[in-house]
Amino acid sequence: MLLTNYILSAWRNIIRHKLFSAINILGLAIGLAAVMLITLFVRHEINYDNFWANSQNIYRMHMTFLPSGRPPMVFSMVAGPIIHVIKKDFPQIQHAARVARKRATIIKGDQYFEEQISLVDPAFVKIFDFKTITGNLGKALDDQSSLILNKTLADKYFPQGNAIGQTLTINADAFEREFTVAAIMENMPENSQVNVAAMVSIVEEEWSELEWMFASWFSVNTHLYYSVNPGTNIKDVNAQMPSFIDRNFPLQDSGDAVSGFVELNSQNIEELHLKAPGNSEHREKGSITTVLIFSAVAALILIIASINFMNLSTARASQRAKEVSLRKVMGASRQKLVAQFIGESVFLTLFALLVSMAFVELALPSYNQIIGKQLSIDYGSSDLLMIVGLSATVGILGGIYPAFILSSFRPADVLKANKSAETSASVKLRAALVIFQFAASISLFVSTTVVYGQMLYAKNIKLGFEQNNLLVINNLYRDAADIKLALLVNEFRQMPNISSVTWSNDAPGIHTENNTSMRTPEMPSSESSLIGVRGVGYEYFKTYNIDLLSGRFYGISQNDTRAETIEIREGRGHASSLIINETGLRRLGLGTPEEALGKILYRSVGNEGENLEREHLIIGVVPDIHLNSLKKEIRPEIFELQPDHAQYISIRYSGDPLETVNLARELWEREVPSIPFTYDHAVDSVDKQYKAEQGEMTMFAAFSSLAIFIACLGLYGLASFTAERRTKEIGIRKVMGASVFDVVKLLVWQFSKPVLIANLIAWPVSYYTMTMWLESFAYRIESFFILGFCLAAGVAALLIAWATVASNSIRVANTNPINALRYE
Amino acid sequence: MLKLQDLTKAYRTDEVETVALNNVNIEIDHGEFVAIMGPSGCGKSTLLNIVGMLDTPTSGHYYFKNEDVAGYSEAQLGVIRKQHIGFIFQSFNLIDELSVAENIELALLYHDIPASERKERVATVMDKVGIAHRAKHMPSQLSGGQQQRVAVARAVVGNQSMILADEPTGNLDTAHGQEVMGMLQKLNEEGTTIVMVTHSPSHADYARRTINLLDGHVVTESMRA
């Protein structure tokens, strides 16, 4: 049978041409494995929140502030009161619900635990179809003392499986009450920006003292989700937002329309993972850029591997010319030959597929670790079909051109002269494809070095504070800990190996946007600037090793405490000390650090419409300090003394970190037993900001190396075939007096040309794309470094290409010419 | 010019030793035209390869211009070869990717000769063999006779004192064969030593001396009057 003959012929071809087969199978297998890994990642990233029954009609609103003189500030959260008016103004909205997360202590008997509690409006479970295990979610949320747990938490607190009807006490500072477990739901899937483990309904009255949480129009602390009637165009909703804002937000004293500096927009829930603005997500966000970049890398790898296949097939075409001719003489039609060759290439690809699956399974554990996901191939599902389909496509695409070249040979020519059966067009195409492969590889190489260079730069940039040997203790915001602040700080100061202790509202890597409006005496209040505020304790600058540019730090004996709002309201205010950063000096036009000392600033305080201002006196100026990611530009900032409250205690220690941690833990557990002891090393928190990038970089570097490796495999194969094809020429040259070196030079130069041309293509492309990529960093390496990386990549590619073809060339150059010349 | 003394060449493959040349003694003077004849497998080509320094003898001596080159390395032989010896092959052995002029220039390329002089010498020799009008053509566009004329031009362009021709007419028809033989004769008359392997007795007649080989031995040497 013809088919058997084809399969036999294909199989024998694989066996006989081991080098060709090995290069093709290995190259394709690595390529397919890389593509599968990337596809798993991309598929995971683009399939967030599409599993909800109504996902097409679920939206989340985000809020943007447009302060004058500063870039817009976008928040993924919105002001709490919006929910109360939105349904009235937008009839197309079916359900709307807020969700806010709070770290809370769960008390069961005499045991204390810490959990993230989601405070939601009852409609939350009408928008999202959570999978219920027991109980009724809607009823549970209608009852203010009911608690919904997911399976993990239900099992954690009630291992006997009798959670329903049991009680737990929740302390979230604003309230401490007993809740009854009323429903249990399945754990949420990983691929959702909604991340709920324990739910209770919002009781706004409990938060009356913390009005910013749910009641303030200009504080953003809750996500707002809503579902709309099918067929609603979200653009219409977004377009009506400015008038909605002006109708509902409190009027400004200045008479300015609120829509002039506040924007509300909504995004479909499926878009949130990759495209949501702002930072306050309940689950880590993805990046559309990353998804696009990796999709492109996958496509490049696949193309590079397919090109290998095409090039090697056409390169050894002359070897098979005889077989083709004989088959034609025996009556094979061109279509049949095309089918045979495509079949062969599909056969080879499917073989490569088996190898690649082994690669994927081997790589998945470390891959998952690097990207921080739990990805896997489900062979029982359509995954398998997709993979086989992908491979077959590659096989057909890679095989179609060689098939037409091979099948076009005319038997008379081939059998008569046994000449090189190749046309110059196919030689040129091959050269073009090699150029493409190397251009792609070099671009990937440059991109990798730029990404790596930027990471290195970010790691080594002077942060302005000493991140090592700095321990940050969390959870001070909890009431039970806050009241012990002074005691804790004093105790810590007594401990061995601790040189200084301070407290603050922010910690390295923690980003809470706290801003205030400030002006110099010369500015009218309408022109005041938005300035970032960091509340700090005594010895803050000493503990963080922050230099002083001028003036002095806060001191206990200096009477630096600020005038409270109530004192100002009663006319008893006094000039309060203030330390400002350099960007702040520039923003407010305060001159040099020396000139700024003793100058007065006004800061608005009190409630809306009170027009109260606190008078501040600049006592010190510090440099710009990178307490947050380098992606963020430094804000104009003030460091305000906050004597009795804090979110964090920071400890500067020497010696064994573990010892310090243990001492701190002992003290904490003795003094604040109801709140778990948690801490971070500042250096880890700083690193954590770049964790996603670091994972992506590792991935990027790995895939770039693979691409280069596959391209080199192809080059190696091509070099060996070309050397074979050129044996006669080399023989002649040697007879004419060419030395081994002359011949090696000739062959190596042949393969240097495409690499050099590839550089000319790759350099501008990578320069352009990487310059754009770098623009997402506020603090970045200079663009001209990219040129250096281009040069390095070019030289590296050339060296790699040389190394790849050299061994072959030397072998060929050393063969005795008479073997090549005696007979044709 | 050259003298082979007790020259032996044996090929060893897996324990089987094939003797291609056995105690060959030949002396060729400067300016001679020698034909080597014999049946297939008698060692003609081996002999030519050793004389052409493309191969080395297993034992014996090879004096080239009174210098025993038998023990020389490939690189040393290469230096002498490119200085003194030109080659003509049965299958022409032109490089398909190079034009006629470039093929001829190849013989000068690995000598230290400036480009302008190379061009000049290539032009001269092309005139001499009557191929100048085909200078830019590729070998595949030429007839067999024309290709062999290019090969002859390549063999002499470096002013080599000796030309080794391995069945130069083997792939040519009678008329073209005559033409190439005429060219070789003319070169010989101008002083070039020629050693030619041939199957054709009529072409061997162009030589003044014929050496007959059989199974690696010189069986007869005949001089033409």
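Compute for chains A and B the buried accessible surface, both sides summed, probe 1.4 Å, and express it in Å² to the nearest 100.
1800 Å²
Pairs A:LYS734/B:LYS44; A:LYS87/A:LYS631; A:LYS151/A:LYS691; B:LYS119/B:LYS186; B:LYS65/B:LYS128: which exceed 26 Å Cα-Cα?
Flagged as over cut-off: A:LYS87/A:LYS631; A:LYS151/A:LYS691; B:LYS65/B:LYS128.
A:ASP142 label point, 7 Å along Cα→Cβ, cut-off 15 Å on backbone N: hits in the range A:90-122?
What the label zone holds, given the 15 Å backbone N cut-off, is A:122.
Cα-based Rg (one decimal) and Dmax (whole number) for chain B, in Å?
Rg and Dmax of chain B, Cα atoms, are 17.4, 54 Å.
Do any residues of the range B:50-69 show a loss of at least 30 square angstrom of accessible area between the isolated chain and the full protein assembly, using a 1.4 Å probe, and if so which?
B:LEU54
Going Cα to Cα from A:LYS285, which aspartates and glutamates come in below 14 Å? Please leave out same-chain ones fewer than 8 positions away.
Once the sequence-local aspartates and glutamates are set aside, what remains near A:LYS285 is A:GLU45, A:ASP49, A:GLU190, A:GLU270, A:GLU271, A:GLU693, A:GLU696.
Using only Cα atoms, find the angle between the long axis of helix A:784-814 and the longest principal axis of chain A, and express it within 0 to 90 degrees, rounded to the nearest 10.
That works out to roughly 30 degrees.
If I stretch the segment between A:GLU633 and A:LEU612 completely, what's the gain in nm (0.36 nm per residue apart, minus their alpha carbon distance), one decimal?
Between A:GLU633 and A:LEU612, full extension yields an extra 4.6 nm.
Can you bin the range A:210-263 into rounded, prolate or oblate? Criterion: square roots of the alpha carbon gyration tensor eigenvalues sorted a ≥ b ≥ c, rounded for a/c under 1.5, prolate for a/b above b/c, oblate for the rest.
oblate
Contact order normalised by length for the range A:546-615, with contacts defined as Cα pairs under 8 Å and 6 or more residues apart; what percent is it?
32 percent
Please report the antiparallel percentage of the DSSP beta bridges confined to the protein assembly as shown, to the nearest 5. Could you put the intermediate results ahead of the total?
On the way: 95 of 132 bridges.
Beta bridges within the protein assembly as shown, antiparallel portion: roughly 70 percent.
Quick check: from the Cα gyration tensor, does the range B:1-73 come out rounded (a/c under 1.5), prolate or oblate?
oblate
From other protein chains only, count the Cβ atoms within 10 Å of every residue's Cβ in A:737-743, then give the mean.
Partner Cβ neighbours, averaged per residue: 4.
Taking only protein heavy atoms and a 1.4 Å probe, what accessible area per residue, in Å², does chain A have with all protein chains in place?
Per residue, chain A has an accessible area of 44 Å².
Roughly how many nanometres apart are two label points built 7 Å out from the Cα toward the Cβ at A:SER654 and A:ILE600?
4.5 nm
Can you list the lysines whose alpha carbon sits under 20 Å from that of A:LYS753, skipping same-chain ones fewer than 8 residues off?
A:LYS428, A:LYS745
Let me test this: with uniform point scatterers at the alpha carbons of the range A:25-95, what is the Debye-based log₁₀ I(q)/I(0) at q = 0.11, 0.13, 0.19 1/Å?
-0.58, -0.70, -0.95
Largest first and in whole Å, what are the equivalent-ellipsoid semi-axes of the range A:766-813 based on the Cα gyration tensor, each being the root of 5 times an eigenvalue?
For the range A:766-813, the semi-axes come out at 36, 8, 6 Å.
On the protein heavy atoms, probe 1.4 angstrom, tell me the percent of accessible surface of the range A:637-786 carried by carbon and sulfur.
62 percent
Considering only the range A:67-223, what is the antiparallel percent among its DSSP beta bridges, to the nearest 5?
Of all bridge pairs located within the range A:67-223, approximately 75 percent are antiparallel.
Measure off, as a whole percent, the carbon and sulfur share of the 1.4 Å-probe accessible area of the range A:255-296, all protein chains present.
Answer for the range A:255-296: carbon and sulfur cover 50 percent of the accessible area.
Where the only charges are on Cβ atoms (+1 Lys, Arg; -1 Asp, Glu), what is the dipole of chain A about its Cα centre, to the nearest 20 debye?
6200 debye
Once label points are set 7 Å from the Cα along Cα→Cβ at both A:LEU8 and A:ASN819, what is their separation, rounded to one decimal in nm?
It works out to 3.2 nm between the two label points.
Out of A:ILE304, A:CYS712, B:GLN146, whose Cα points farthest toward the positive end of the dipole of the protein assembly as shown (charges: +1 Lys, Arg; -1 Asp, Glu; placed on Cβ)?
Positive-most Cα among the choices belongs to B:GLN146.
Name the lysines eligible as straight-distance cross-link partners of A:LYS328: C-alpha to C-alpha under 19 Å, and not fewer than 8 places from it in the same chain.
A:LYS328 reaches A:LYS336, A:LYS416, A:LYS419.
With both bridge residues required to lie in the range B:72-225, what share of the DSSP beta bridges run antiparallel, to the nearest 5%?
40 percent
Expressed in whole Å with the largest first, what are the equivalent ellipsoid semi-axes of the range A:138-232 derived from the C-alpha gyration tensor as the square root of 5 times each eigenvalue?
Details: eigenvalues 127, 84, 30 Å².
They are 25, 21, 12 Å, listed largest first.
Along the principal axes of its C-alpha atoms, what lengths does the range A:518-657 span, in descending order and rounded to whole Å?
Over the range A:518-657, Cα extents along the principal axes are 52, 29, 28 Å.
Once both labels are modelled 7 Å past Cα along the beta-carbon direction, what's the A:GLU724-A:GLN56 spacing in nm?
Label-label distance for A:GLU724 and A:GLN56, simple model: 5.7 nm.
By how many degrees, 0 to 90 and rounded to 10, does the Cα axis of helix A:382-407 deviate from the longest principal axis of chain A?
30 degrees
Bin by bin, in steps of 10 Å, what percent of the Cα pairs in the range A:537-588 do you find, going until the bin that has the longest distance?
That works out to 20, 41, 32, 7, in percent per bin.
Any idea what angle helix A:691-725 forms with the longest principal axis of chain A, computed on alpha-carbon atoms, 0 to 90 degrees, nearest 10?
10 degrees
Relative contact order for chain A: what is it in percent, counting Cα pairs under 8 Å that are at least 6 residues apart? Walk me through the numbers on the way to the answer.
Working: 1423 pairs, mean separation 123.8, N = 824.
Value for chain A: 15 percent.
Over chain B, average the accessible area per residue using a 1.4 Å probe and give it in Å², no decimals.
44 Å²
I'm a student and want to see the number: the projected area of the Cα convex hull of the range A:690-784, averaged over all directions, in nm². Spell out each step's value before the answer.
On the way: hull surface 34.2 nm².
Convex hull of Cα atoms, orientation-averaged projection: 8.6 nm².
On the accessible surface of the range A:466-542, probed at 1.4 Å, how many percent belong to carbon and sulfur atoms? Let's see the in-between values first.
Numbers: 1400 of 3000 Å².
Result for the range A:466-542: 47 percent of the exposed heavy-atom area is carbon or sulfur.
So what does log10 I(q)/I(0) come out to for the protein assembly as shown at q = 0.06, 0.08, 0.10 Å⁻¹, using the Debye formula with one equal point on every Cα and no solvent?
Debye curve over Cα of the protein assembly as shown, log10 I(q)/I(0) at q = 0.06, 0.08, 0.10 Å⁻¹: -0.68, -0.92, -1.26.
Local charge sum around B:LEU4 (other residues, Cβ-Cβ under 15 Å, Lys/Arg +1, Asp/Glu -1)?
Summing Lys and Arg as +1 and Asp and Glu as -1 gives -3.
Could you tell me which of A:ILE730, A:VAL99, A:SER295 has its Cα farthest along the dipole of chain A towards the positive end, charges placed at Cβ (Lys, Arg +1; Asp, Glu -1), taken about the Cα centre?
Sorting the options by dipole projection puts first A:ILE730.
The values are calculated or read from the model by the stated rules, or taken from the named source; none is laboratory data. What you see is a predicted model, and the numbers here were worked out from it, not measured in a lab. Virtual Cβ from ideal backbone geometry, glycine too; neighbours counted across all protein chains shown. Ligands, DNA and RNA are excluded from the accessible area calculation, which covers all protein heavy atoms including side chains. Shrake-Rupley method; radii C 1.70, N 1.55, O 1.52, S 1.80 Å.
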